Amino acid sequence: MKETDDKGSRQTISANNSHKRSSRSEFDFIKQLRTGTSTNPPNSIIGDDAAVIKTSGEKETVITTDLLVEDIDFRRTTTPPYLLGHKALAVSLSDIAAMGARPRWSLISIGVPQDVWDTNFVDKFYEGFFELAGRYDVQLIGGDTSRTPEKVVIDSIVLGEASASASIKRSGASAGDHVFVTGSLGAAAAGLRLIERGAHLADQNLGEAEAEALDHLLLRHLRPEPRVGWGMILGQERLATAMIDLSDGLSSDLNHLCRESEVGVLVDSTQIPIDIQVRELCGRRRLDPLQLSLNGGEDFELLFTVKPENVRRLPRRVDGVGITFIGEIRPAAEGINLREGSRVWELKPEGWEHF
Ligand code: ADP
Ligand code: MG
């Protein structure tokens, strides 16, 4: 196991990631799929949180798929199957939310080894899945089941709907737009770090208040809540010019949004809504709250941009979740920057990468 460091949250799960640093990155691979090669055609649909397909004059369908691989994206020993079922759906719902669409249908494919098949793992997985699906009225319409030699693999597809031309791309931001983020950041990454250090839910060795705070961090990693309500309102009301969900980490996902929109940004570090329990618990555990918030992944909050004249139309809270203004979109030439006091740093994409 790799030592924990202050990089992307899931960095800690993926053993020996570092020896591959010189190989082609995941993002270069995707870029190649988009631009095409001498043998493959270019593709203009790939590159957002979900693909948008025009299905009728009035509606468009958005489709996303997410792969969860045991020991890369989760550990079976520390992730109860019920919560894994929740998470498999949650990560895809988050991508649909990031398009400003309403989630409607799901397909789940699952590959498990024989010994796992012989337990109640799959039943518990679907219990967690259906609990979340029921909350948003998402219907399971299919999938596939297979056996793997050793590890569990899950593919989660979700289809959603938006009004024609209402889905929100990563590419719509322009200079002057205000940048907002839902909820709070850093807790999922903190939760993962603490799990890797042996923390578990409802730890009897801690006082009540500390155990509660710890559970909050662990559950933000184990049971992410996709911001479905916010996504739908921002889409329906055409409030956001661009949007992405925070799966890799604010630094990386903000870079994706700015590159797609061909803009720069200035983020104010004091405005970043660091989770309150991250501030309180992590300092004492030698984890840097700002680093976790910038580069830790899997918060599954929404990052979006709004024209200044539309800011007053934004709701304060949706489903009990607020938003925070964190900065302003700038011309591309100014770059992607973070202001800390009187200093301005380049905000490099230092969140999660698979390769
Ligand atoms: P997200 O983090 O929002 O799930 P990804 O970084 O996984 O997004 O993917 C970015 C884009 O690249 C999406 O449009 C996705 O469909 C596409 N993509 C990723 N991997 C592949 C692949 N192996 N083949 C085709 N498209 C891919
Ligand atoms: Mg996404």
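What follows is calculated from the coordinates using simple rules that are stated; it is not laboratory data. Everything numeric in this text was worked out from a predicted model, so none of it was measured. For neighbour counting, all protein chains shown are included, and Cβ atoms are generated from backbone atoms with ideal geometry for every residue, glycine included.
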Three semi-axes of the equivalent ellipsoid, the chain, Cα gyration tensor, whole Å, largest first
29, 26, 21
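Per residue, how much space in cubic angstrom lies within the convex hull of the C-alpha atoms of the stretch 139-209?
Numbers: hull volume 19.6 nm³, N = 71.
Expressed per residue, the convex hull around the Cα atoms of the stretch 139-209 is 276 Å³.
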Tell me what the chain gives for mean residue ellipticity at 222 nm when only DSSP H runs of n ≥ 4 count, each as -39,500 (n - 2.57), the sum divided by the residue total, rounded to 500 deg cm²/dmol.
-8500 deg cm²/dmol
Filtering trypsin sites (Lys or Arg not before Pro) in the stretch 162-230 by DSSP loop and by at most 16 other Cβ atoms within 10 Å leaves R197
Of all DSSP beta bridges in the chain, what percent run antiparallel (nearest 5)?
75
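Let me make sure I get this right: for the stretch 26-163, a, b and c are the square roots of the gyration tensor eigenvalues over alpha carbons, sorted descending. Under 1.5 in a/c it's rounded, otherwise prolate if a/b > b/c, else oblate. Which is it? Please report the intermediate quantities before stating the final value.
Numbers: a/c = 2.40, a/b = 1.37, b/c = 1.75.
It comes out oblate by the Cα gyration axes.
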Are any of the pairs K54/K169; K87/K169; K31/K169 more than 19 Å apart by Cα-Cα distance, and if so, which?
K87/K169
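Would you work out if the stretch 178-346 is rounded, prolate or oblate? Take a ≥ b ≥ c from the square roots of the eigenvalues of the alpha-carbon gyration tensor; rounded if a/c is under 1.5, else prolate when a/b is larger than b/c, oblate otherwise.
Note, shape of the stretch 178-346 comes out prolate.
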Between T39, T55, T270, which gets the highest mean-square fluctuation from a Gaussian network model of the chain, Cα cutoff 10 Å?
T39
Rank these for me by crowding, F180, F27, going from fewest to most other beta carbons within 10 Å.
F27, F180
Exposed-loop-free span, longest in the chain, where GluC sites (Glu not before Pro) count as exposed if DSSP calls them loop and at most 16 other C-beta atoms lie within 10 Å
263-355
When the chain is treated as a GNM, springs tying every alpha-carbon pair under 10 Å, which of A166, A101, A190 comes out with the largest mean-square fluctuation?
A166
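With helices defined as uninterrupted DSSP H runs, which ones in the chain have an alpha carbon span along their own long axis of at least 18 Å and mean Kyte-Doolittle hydropathy of at least 0.5? Present the calculation step by step, with values, prior to reporting the outcome.
Numbers: long enough: 81-98 (26 Å, 0.87); 121-135 (22 Å, 0.00); 208-222 (20 Å, -0.03).
Length and hydropathy pass: 81-98.
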Cross-link list K59/K307; K59/K348; K59/K151: which exceed 31 angstrom alpha carbon to alpha carbon?
K59/K348; K59/K151
